[in-house]
Amino acid sequence: MIMDRAYEGNETQQLLFSMEVQPVVPPNPNRLNPWEYDKELYKKRNEVERLFRRLKAFRRIFSRFEKLDVMFTAFIHIAFIFDALLYLNRP
């Protein structure tokens, strides 16, 4: 589970370990015994957050104008296609 530094507490980590889930969260710089984490996987978290930020630019999606789940999903797909086309044309 990839988490933000706000969730790096011992209680949260113990809960995830008890559920047999590997937490990927950077330790607080003030920790006496910092742990190792997958930095490349943690960088992917930023990419996902930026994708959601770009999706929120589509007012129809973030306001949830559509009442039917099928239509809402269709507009999310259209937004993904639009975002991919823009991403391919970036320098």
Completion exercise
Listed by first then second residue, the pairs whose first member lies in the stretch 55-76 and is at pLDDT 80 or above, whose partner is of a type in the set (D, E), with beta carbons under 8 Å and at least 6 positions apart or on separate chains, are L55/D83; F72/E66; F75/E66
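For every residue, the table says whether it meets (1) in the same structural domain as L85 (by TED's automatic domain parsing); (2) within 30 Å of L86 (Cβ to Cβ); (3) not charged (D, E, K, R).
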| residue | (1), (2), (3) |
| --- | --- |
| A6 | no, no, yes |
| T12 | no, no, yes |
| F17 | no, no, yes |
| E20 | no, no, no |
| N28 | no, no, yes |
| E36 | no, no, no |
| K43 | no, yes, no |
| R60 | yes, yes, no |
Practice task
Select, from V25, V70, the only residue that is within 22 Å of I2 (Cα to Cα) and hydrophobic (A, V, I, L, M, F, W, C).
Solution key: V25
Practice task
Test each condition in (1) in contact with a Lys or Arg (Cβ under 6 Å, 6 or more places away or on another chain); (2) touching a residue at least 40 places away in the same chain (Cβ under 8 Å) for P26 and report the one that comes out false.
Solution key: (2)
Practice task
Inspect the stretch 78-89 for any residue being of a type outside the set (S, T, Y) and outside any helix (DSSP H, G or I) and give the result as yes or no.
Solution key: yes
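The values are calculated or read from the model by the stated rules, or taken from the named source; none is laboratory data. Given the structure is predicted, the values throughout are model-derived calculations rather than measurements. Heads up, the Cβs are rebuilt from the backbone with ideal geometry, glycines too, and the neighbour counts pull from every protein chain shown.
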